[in-house]
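Structure first, commentary second.
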Amino acid sequence: MRGVTPRGHWWVLACVLTVFLLALFLATSVLHGVGSAGTTQSQGPDDLVPGAVAGGGPVVDARGGAPVGSAVRPGTVALTFDDGPDPAWTPEVLRVLAAKQVPATFFVIGEHVAEQPDLVRAELAAGHEVGLHTFTHADLSAAPVWQVQLELAASRAVLAGATGRSTTLLRPPYSSTPDAVSNRDWQAVRRTAALGYLTVLSTQDSLDWEAGRAEDIVSQAVPPQGQGAVVLMHDGGGDRSRTVAALGRYIDTLKERGYRFTTLTEAVGLPPQTAPAPRLDRWYGAALIALLQGAVAVPTATAWLLAAVAVLTAGRLLLLAAAAAAHRRRTAGRARPDPGLPVSVVVPAYNEQETIVACVRALLAGGCPDIDVVVVDDGSGDGTAAAARTVADPRVRVLTQPNRGKPAALNAGVAHAAHDLILMVDADTVLAPGAVARLIADFADPSVGAVAGNTKVANRTGLLPLWQHLEYVMSFGLERRLFDLLGASPTVPGAIGAFRRQALESCGGISADTLAEDTDIAMALCRAGWRVVYRSDAHAATHVPTTVRALWHQRYRWAYGTLQSVWKHRRAVKEPGAAGRLGRRTLPYLVLFQLVLPLAAPAVDAAALYGLAFRTTTAPVYTWAAFSLAQLALAAYALRQDRESLRHLWLVPLQQTLYRAALCLVTAHALVSAALGAGPQWQNPTTAPAEPPAVPAAV
């Protein structure tokens, strides 16, 4: 094989997962980052606070030389609302204000503006004033300089994107009255003043953020007789039903006492502090709003994805278990093996010097006297052909050819095979005694075109081979039983598979169109009207990769080849008979469980890890535990079905995390490579073969 995959696929996958995690972070911040706000910060030392601030008015201007605190005019009240806009409570507050014909000033949180831009526009359209309350309700007195700058820049941007306006009014979260300003608060005032902002405090805190009655809110917000006031209330950050209930009563009470309600800037005698935003700020803000609104949809989509994955995985486990039981009952009376039937064995070999002798000798000792073994050395660079010739037996022939890839080697072997029943075996595979006779027994049915055997892992030493051993028994073995029941097996494994020569010829032999020639030929046989069946009692032990690199290379070829084969035979969905069963039963299963589900798994895993790290949800933990138990049960059942030991069951939870995650990345690798228009292919060192069929990105 020659790899022509560009490195871009890793960047695509990394970018997708990064964007997904960023969206989760933004959504978590938007949905859970802002709670009920109040003056919960301790005051601390205040010896550095100027007297003009501590004893001055609630609007502090420190942008020039000496700070100035603007006081509210007597008999004037400026209603201010923090922590909005909120889809439940802001409209209620606006309704009361409109009914009482009272203007107010809303200090909005940037995240909420991005979620509810229409509400901010409604506030301005009703004649109210808007100021900033940071982006995430951050404590500016404790935040580093870079965070303060980022909070205000993002808040200014989303306000510009939502309304086309900018403002210099800023109310720091957790702020209170001027006499409560501490040294840290004063430092924050100076930092924000350097960025061009007026700091807005309050003179009357309604304490509506505390649990209390509407009457308590009214009494706490009433200023001393005749004095002006900046009243702090909230239209977001929690249940504001008591605020809404108190607001109308409060306005009526103060109007009866002769107070006048106005906006904040008018109350302290300042000119309006809003202005048209620069065009760049409006564009940037609109893009930021779109990003945040998209991010907010991610947790819901992720929850649906997790639910879909859970349902599909549970359904698959139940389906495989039921199919295994049904297959065992159906195949109990299968055709008895006849070791006397003549059979040819084709063994393609490429650099298999170490394993070819054991493979050939096992075939000769398998109990079939009329056997013909054709070893095809496909341009090996070692002594594969010489090793095969050391098996001194007239039933063994060794052919050599320049390297043309496995399909060409198989076709060459079939052309030289002496019999009509042809067994194809990989050179690193050792067949169990009697396996050949069991495979060819099913050809007594003239409708059978191919028989798939049961592949076992030979080298079960080390964690990686043991994981593959469990996979071969749990996944491959159970799925082949299911496909056999469906009447459309999509794969005849290269390690052990038997074919009728007539069936092969009807499909034009082994095709090099895909990298999964064993899947391609099985699908072609189904479409040609032949039955492809599975023989679970015909065992073959094959060597599996022992390094991550080798496993990745193998599974990448399998995944890409499966993708090619599904695309090549996609028209089977419209065809009748065995082809229709392949197209309408098997192909959807392959697409769903071998392509789509593995592609969704990294996103689900990332969401689960994110939820655990930030403690946003415990659902993934319970889901993982439930499916680990289900996988354990299925593994035990599958091992018993194949008469295997249960001593490796303890590896199943690890297999379902580390090993499964790696295979999911392999599938994503193959899909992204296909989308980018490049992938591996069988390669002749001297003559490049035809390109494999293109796989559109939509697949």
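Things worth noting here:
- If you go through the stretch 259-291 and pick out every residue that is under 18 Å from GLY164 (Cα atoms) and either crowded, with 17+ Cβ neighbours inside 10 Å or of a type in the set (Val, Ile, Thr) (or both), you end up with 10.
- Among (1) outside any helix (DSSP H, G or I); (2) under 40 Å from the mean Cα position of the chain (by Cα); (3) not polar (S, T, N, Q) - the single one PRO337 does not satisfy: (2)
- The criterion of at least 3 residues that are of a type in the set (A, V, I, L, M, F, W, C) and under 16 Å from VAL544 (Cα atoms) is met by the following helices (runs of 4 or more DSSP H) wholly inside the stretch 458-519: 463-471.
- Comparison of ALA321, ALA286 shows that the only residue that is in a helix (DSSP H, G or I), in contact (Cβ under 8 Å) with a residue 40 or more places away in the chain and closer than 27 Å to ASP537 by Cα is ALA321.
- Subset of the stretch 482-499 [within 19 Å of THR313 (Cα to Cα) and crowded, with 24+ Cβ neighbours inside 10 Å]: PHE483
- Cβ-Cβ under 9 Å pairs, at least 6 apart or on other chains, the stretch 52-74 side within 10 Å of ALA267 (Cβ to Cβ), far side charged (D, E, K, R) and surrounded by fewer than 17 Cβ atoms within 10 Å (Cβ to Cβ): ARG73/ARG260
- In a residue-by-residue description of the stretch 244-253, the property of being touching a Ser or Thr at 6+ places or on another chain (Cβ under 7 Å) and either among the charged types (D, E, K, R) or under 23 Å from PRO91 (Cβ atoms) (or both) applies to no position.
- Cβ separations smaller than 8 Å between residues 6+ apart or across chains give the following pairs from the stretch 645-662 residues that are surrounded by fewer than 13 Cβ atoms within 10 Å (Cβ to Cβ) to residues that are at pLDDT 85 or above: SER645/LEU639; LEU646/ALA636; LEU646/LEU639; LEU646/ARG640.
- Residue match in the stretch 194-213 (condition: farther than 22 Å from ASP83 by Cα and either outside any loop (DSSP other than H, G, I, E, B) or not aliphatic (A, V, I, L, M) (or both)): yes
- Hey, VAL451 closer than 30 Å to GLN631 by Cβ, crowded, with 19+ Cβ neighbours inside 10 Å and modelled with pLDDT of 95 or more or not: yes
- Among the residues of the stretch 125-178, the ones that are of a type in the set (Lys, Arg), in a strand (DSSP E or B) and closer than 12 Å to THR192 by Cβ come to 0 in all.
- The one condition in (1) surrounded by fewer than 17 Cβ atoms within 10 Å (Cβ to Cβ); (2) closer than 30 Å to GLU352 by Cβ that SER536 fails to fulfil: (1)
- Condition broken by ARG249, with the remaining ones in (1) free of Cβ contacts under 8 Å to residues at least 40 places away in the same chain; (2) in a helix (DSSP H, G or I); (3) buried (at least 20 other Cβ atoms within 10 Å of the Cβ) satisfied: (3)
- Which numbered condition LEU232 fails, given (1) among the aliphatic types (A, V, I, L, M); (2) buried (at least 23 other Cβ atoms within 10 Å of the Cβ); (3) at pLDDT below 95: (3)
- Residues located in the stretch 206-229, provided they are of a type in the set (Asp, Glu) and surrounded by 22 or more Cβ atoms within 10 Å (Cβ to Cβ): ASP208
- Qualifying residue in the stretch 543-550 (condition: part of a loop (DSSP other than H, G, I, E, B) and of a type in the set (S, T, N, Q)): yes
- Residue that is surrounded by the fewest Cβ atoms within 10 Å (Cβ to Cβ) [pool: residues in the stretch 386-419 that are assigned to a loop (DSSP other than H, G, I, E, B) and touching a residue at least 40 places away in the same chain (Cβ under 8 Å)]: PRO402
- Given (1) in contact with a His (Cβ under 7 Å, 6 or more places away or on another chain); (2) at pLDDT 90 or above, number of the condition VAL34 does not satisfy: (2)
- SER645 vs. criteria more than 28 Å from the chain's Cα centre (by Cα), at pLDDT 75 or above and either in a strand (DSSP E or B) or not acidic (Asp, Glu) (or both): yes
- All positions within the stretch 292-334 that are under 30 Å from ALA444 (Cβ atoms), buried (at least 19 other Cβ atoms within 10 Å of the Cβ) and not hydrophobic (A, V, I, L, M, F, W, C): HIS327
- Selected residue (only one of VAL566, VAL544 is buried (at least 21 other Cβ atoms within 10 Å of the Cβ) and under 18 Å from GLY497 (Cβ atoms)): VAL544
The values are calculated or read from the model by the stated rules, or taken from the named source; none is laboratory data. What you are looking at is a predicted structure, and each value in this text was computed from that prediction instead of being measured. For neighbour counting, all protein chains shown are included, and Cβ atoms are generated from backbone atoms with ideal geometry for every residue, glycine included.
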